[in-house]
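Novice: Have a look at this one.
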(Lines give C-alpha, C1' and ligand atoms only; values in the text may rest on other atoms or scores of the structure.)
Protein backbone atom coordinates (compact mmCIF):
# COMPACT_ATOMS: atom_id res chain seq x y z
CA UNK A 1 0.00 0.00 0.00
CA UNK A 2 2.85 2.34 0.84
CA UNK A 3 4.49 1.48 -2.45
CA UNK A 4 1.23 2.21 -4.21
CA UNK A 5 0.90 5.49 -2.38
CA UNK A 6 4.50 6.25 -3.20
CA UNK A 7 3.79 5.47 -6.85
CA UNK A 8 0.79 7.75 -6.86
CA UNK A 9 2.82 10.45 -5.18
CA UNK A 10 5.61 10.14 -7.73
CA UNK A 11 3.10 10.21 -10.58
CA UNK A 12 1.43 13.35 -9.21
CA UNK A 13 4.80 15.03 -8.70
CA UNK A 14 5.86 14.14 -12.22
CA UNK A 15 2.65 15.59 -13.73
CA UNK A 16 3.04 18.79 -11.72
CA UNK A 17 6.65 19.13 -12.82
CA UNK A 18 5.61 18.60 -16.44
CA UNK A 19 2.94 21.33 -16.30
CA UNK A 20 5.27 23.69 -14.45
CA UNK A 21 7.92 23.25 -17.14
CA UNK A 22 5.39 23.60 -19.98
CA UNK A 23 3.71 26.67 -18.52
CA UNK A 24 7.02 28.33 -17.70
CA UNK A 25 8.20 27.76 -21.27
CA UNK A 26 4.99 29.12 -22.78
CA UNK A 27 5.02 32.05 -20.36
CA UNK A 28 8.54 33.25 -21.06
CA UNK A 29 8.29 32.67 -24.82
CA UNK A 30 5.00 34.60 -25.09
CA UNK A 31 6.45 37.29 -22.80
CA UNK A 32 9.51 37.67 -25.04
CA UNK A 33 7.36 37.87 -28.19
CA UNK A 34 4.79 40.29 -26.82
CA UNK A 35 7.02 42.41 -24.55
CA UNK A 36 7.62 45.39 -26.84
CA UNK A 37 4.10 45.49 -28.30
CA UNK A 38 2.53 45.00 -24.86
CA UNK A 39 4.58 47.94 -23.59
CA UNK A 40 3.59 49.99 -26.65
CA UNK A 41 -0.11 49.28 -26.18
CA UNK A 42 0.08 49.98 -22.44
CA UNK A 43 1.76 53.37 -22.94
CA UNK A 44 -0.52 54.36 -25.83
CA UNK A 45 -3.52 53.24 -23.78
CA UNK A 46 -2.49 55.94 -21.30
CA UNK A 47 -1.88 58.59 -23.99
CA UNK A 48 -5.21 57.81 -25.67
CA UNK A 49 -7.01 58.03 -22.34
CA UNK A 50 -5.48 61.49 -21.81
CA UNK A 51 -5.61 62.71 -25.41
CA UNK A 52 -7.32 65.96 -24.37
CA UNK A 53 -4.44 66.81 -22.01
CA UNK A 54 -1.69 65.72 -24.41
CA UNK A 55 -1.96 68.00 -27.40
CA UNK A 56 0.51 69.09 -30.03
CA UNK A 57 0.43 71.62 -32.83
CA UNK A 58 0.08 69.87 -36.21
CA UNK A 59 2.81 70.64 -38.73
CA UNK A 60 1.31 71.39 -42.14
CA UNK A 61 3.55 71.49 -45.21
CA UNK A 62 2.27 72.52 -48.67
CA UNK A 63 4.09 72.09 -51.98
CA UNK A 64 3.21 73.41 -55.41
CA UNK A 65 4.56 71.67 -58.52
CA UNK A 66 4.07 71.81 -62.25
CA UNK A 67 3.67 68.70 -64.39
CA UNK A 68 5.87 68.38 -67.47
CA UNK A 69 3.94 68.70 -70.73
CA UNK A 70 4.36 65.02 -71.61
CA UNK A 71 2.77 63.96 -68.30
CA UNK A 72 -0.06 66.45 -68.77
CA UNK A 73 -0.89 64.81 -72.07
CA UNK A 74 -0.89 61.34 -70.48
CA UNK A 75 -3.10 62.56 -67.67
CA UNK A 76 -5.57 64.12 -70.11
CA UNK A 77 -6.28 60.69 -71.60
CA UNK A 78 -7.26 59.34 -68.16
CA UNK A 79 -9.12 62.25 -66.64
CA UNK A 80 -12.43 60.47 -66.27
CA UNK A 81 -14.18 58.31 -63.71
CA UNK A 82 -13.26 55.08 -65.51
CA UNK A 83 -9.52 55.48 -64.81
CA UNK A 84 -8.65 53.49 -61.70
CA UNK A 85 -5.16 54.93 -61.27
CA UNK A 86 -2.73 57.54 -62.46
CA UNK A 87 -0.23 56.78 -65.25
CA UNK A 88 2.84 54.94 -63.97
CA UNK A 89 5.18 57.66 -65.30
CA UNK A 90 3.23 60.24 -63.31
CA UNK A 91 3.52 58.17 -60.14
CA UNK A 92 7.29 57.93 -60.62
CA UNK A 93 7.53 61.69 -61.18
CA UNK A 94 5.46 62.46 -58.06
CA UNK A 95 7.63 60.17 -55.94
CA UNK A 96 10.79 61.83 -57.24
CA UNK A 97 9.55 65.40 -56.85
CA UNK A 98 7.52 65.17 -53.64
CA UNK A 99 8.52 61.89 -52.00
CA UNK A 100 4.98 60.51 -52.27
CA UNK A 101 4.76 56.84 -53.18
CA UNK A 102 1.42 55.99 -54.75
CA UNK A 103 0.56 52.30 -54.79
CA UNK A 104 -3.15 51.48 -54.74
CA UNK A 105 -4.72 54.69 -53.47
CA UNK A 106 -8.08 55.37 -55.13
CA UNK A 107 -8.33 58.37 -57.45
CA UNK A 108 -11.23 60.77 -57.13
CA UNK A 109 -11.97 62.40 -60.46
CA UNK A 110 -13.95 65.60 -60.72
CA UNK A 111 -14.28 68.31 -63.35
CA UNK A 112 -10.67 69.15 -64.20
CA UNK A 113 -9.14 67.60 -61.08
CA UNK A 114 -7.60 64.32 -59.93
CA UNK A 115 -7.54 64.03 -56.13
CA UNK A 116 -5.65 61.44 -54.07
CA UNK A 117 -6.15 61.13 -50.32
CA UNK A 118 -3.03 60.07 -48.39
CA UNK A 119 -4.00 59.20 -44.82
CA UNK A 120 -1.28 57.72 -42.62
CA UNK A 121 -0.60 57.03 -38.94
CA UNK A 122 0.02 60.25 -37.05
CA UNK A 123 -0.93 62.51 -39.91
CA UNK A 124 -2.73 63.06 -43.15
CA UNK A 125 -2.09 64.22 -46.67
CA UNK A 126 -3.48 64.70 -50.14
CA UNK A 127 -2.51 65.49 -53.70
CA UNK A 128 -4.61 67.53 -56.11
CA UNK A 129 -3.73 67.65 -59.82
CA UNK A 130 -5.31 70.11 -62.20
CA UNK A 131 -5.78 68.03 -65.35
CA UNK A 132 -5.99 71.14 -67.54
CA UNK A 133 -3.10 73.30 -66.34
CA UNK A 134 -0.93 70.52 -64.87
CA UNK A 135 -0.60 72.29 -61.52
CA UNK A 136 -0.01 69.95 -58.60
CA UNK A 137 -0.71 70.78 -54.97
CA UNK A 138 0.57 68.47 -52.27
CA UNK A 139 -0.16 68.93 -48.57
CA UNK A 140 0.95 66.85 -45.58
CA UNK A 141 -0.06 67.14 -41.93
CA UNK A 142 2.14 65.71 -39.19
CA UNK A 143 0.56 65.47 -35.73
CA UNK A 144 3.68 64.18 -33.98
CA UNK A 145 5.03 60.93 -32.56
CA UNK A 146 2.37 60.51 -29.89
CA UNK A 147 -0.35 60.66 -32.55
CA UNK A 148 1.66 58.22 -34.65
CA UNK A 149 1.85 55.61 -31.88
CA UNK A 150 -1.78 56.24 -30.91
CA UNK A 151 -2.80 55.42 -34.48
CA UNK A 152 -0.69 52.26 -34.36
CA UNK A 153 -2.63 51.30 -31.23
CA UNK A 154 -5.94 51.81 -33.07
CA UNK A 155 -4.75 50.31 -36.35
CA UNK A 156 -5.73 53.56 -38.08
CA UNK A 157 -4.47 53.86 -41.66
CA UNK A 158 -1.77 51.27 -40.98
CA UNK A 159 -2.46 48.74 -43.74
CA UNK A 160 -2.90 44.97 -43.77
CA UNK A 161 0.60 44.08 -42.53
CA UNK A 162 0.16 45.96 -39.25
CA UNK A 163 -3.31 44.45 -38.84
CA UNK A 164 -1.72 41.00 -38.97
CA UNK A 165 0.93 42.13 -36.47
CA UNK A 166 -1.79 43.26 -34.05
CA UNK A 167 -3.56 39.88 -34.35
CA UNK A 168 -0.30 37.96 -33.86
CA UNK A 169 0.78 39.86 -30.78
CA UNK A 170 -2.75 39.83 -29.36
CA UNK A 171 -2.60 36.02 -29.46
CA UNK A 172 0.84 36.13 -27.81
CA UNK A 173 -0.59 38.33 -25.02
CA UNK A 174 -3.50 35.92 -24.53
CA UNK A 175 -1.02 33.03 -24.24
CA UNK A 176 1.03 35.09 -21.77
CA UNK A 177 -2.07 35.70 -19.61
CA UNK A 178 -3.31 32.10 -19.73
CA UNK A 179 0.07 30.56 -18.91
CA UNK A 180 0.40 33.08 -16.08
CA UNK A 181 -2.99 31.96 -14.79
CA UNK A 182 -1.84 28.35 -14.95
CA UNK A 183 1.31 29.19 -12.97
CA UNK A 184 -0.80 31.01 -10.38
CA UNK A 185 -2.91 27.87 -10.02
CA UNK A 186 0.13 25.66 -9.49
CA UNK A 187 1.79 28.03 -7.01
CA UNK A 188 -1.42 29.26 -5.37
CA UNK A 189 -1.37 26.88 -2.43
CA UNK A 190 1.89 28.41 -1.21
CA UNK A 191 0.78 32.01 -1.79
CA UNK A 192 -2.52 32.66 0.04
CA UNK A 193 -3.02 36.14 -1.48
CA UNK A 194 -3.01 34.79 -5.05
CA UNK A 195 -6.72 34.24 -5.57
CA UNK A 196 -7.98 37.27 -3.61
CA UNK A 197 -5.80 39.43 -5.87
CA UNK A 198 -7.01 37.63 -9.00
CA UNK A 199 -10.64 38.12 -7.93
CA UNK A 200 -9.92 41.78 -7.16
CA UNK A 201 -8.41 42.23 -10.61
CA UNK A 202 -11.60 40.75 -12.09
CA UNK A 203 -14.16 42.53 -9.96
CA UNK A 204 -12.63 46.02 -9.88
CA UNK A 205 -13.12 46.88 -13.59
CA UNK A 206 -16.52 45.13 -13.63
CA UNK A 207 -17.78 47.14 -10.63
CA UNK A 208 -16.44 50.42 -12.03
CA UNK A 209 -18.14 49.70 -15.37
CA UNK A 210 -21.46 48.89 -13.67
CA UNK A 211 -21.43 51.81 -11.22
CA UNK A 212 -19.79 54.64 -13.17
CA UNK A 213 -20.36 53.90 -16.87
CA UNK A 214 -23.87 54.49 -18.15
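The values are calculated or read from the model by the stated rules, or taken from the named source; none is laboratory data. A quick note: this is a predicted structure, and the numbers were derived from the prediction, not measured. Please note: Cβ atoms are built from the backbone with ideal geometry, for glycine as well, and neighbour counts cover all protein chains shown.
Novice: Looking at (1) under 30 Å from residue 48 (Cα atoms); (2) touching a strand residue (DSSP E or B) at 6+ places or on another chain (Cβ under 9 Å); (3) free of Cβ contacts under 8 Å to residues at least 40 places away in the same chain, can you tell me which one residue 101 breaks?
Specialist: That leaves (2) as the condition not met.
Novice: With the condition kept exactly as written, say whether any residue in the stretch 169-176 is outside any helix (DSSP H, G or I), loosely packed, with under 14 Cβ neighbours inside 10 Å and assigned by TED's automatic domain parsing to the domain that holds residue 15.
Specialist: no
Novice: Return the only residue of 86, 69 being surrounded by fewer than 17 Cβ atoms within 10 Å (Cβ to Cβ) and farther than 22 Å from residue 142 by Cα.
Specialist: 69
Novice: Does the stretch 145-155 include one or more residues that are in the same structural domain as residue 24 (by TED's automatic domain parsing), on the phi > 0 side of the Ramachandran plot and assigned to a helix (DSSP H, G or I)?
Specialist: no
Novice: Please go through the stretch 45-65 and give me each residue that is under 20 Å from residue 125 (Cα atoms), touching a residue at least 40 places away in the same chain (Cβ under 8 Å) and surrounded by 10 or more Cβ atoms within 10 Å (Cβ to Cβ), ordered by number.
Specialist: 56, 58, 59, 60, 61, 63, 65
Novice: On to the next question. Identify all residues within the stretch 106-126 that are more than 30 Å from residue 54 (Cβ to Cβ) and either touching a strand residue (DSSP E or B) at 6+ places or on another chain (Cβ under 7 Å) or not assigned by TED's automatic domain parsing to the domain that holds residue 73 (or both); write none if there are none.
Specialist: Result: 107, 108, 112, 113, 114, 115, 116.
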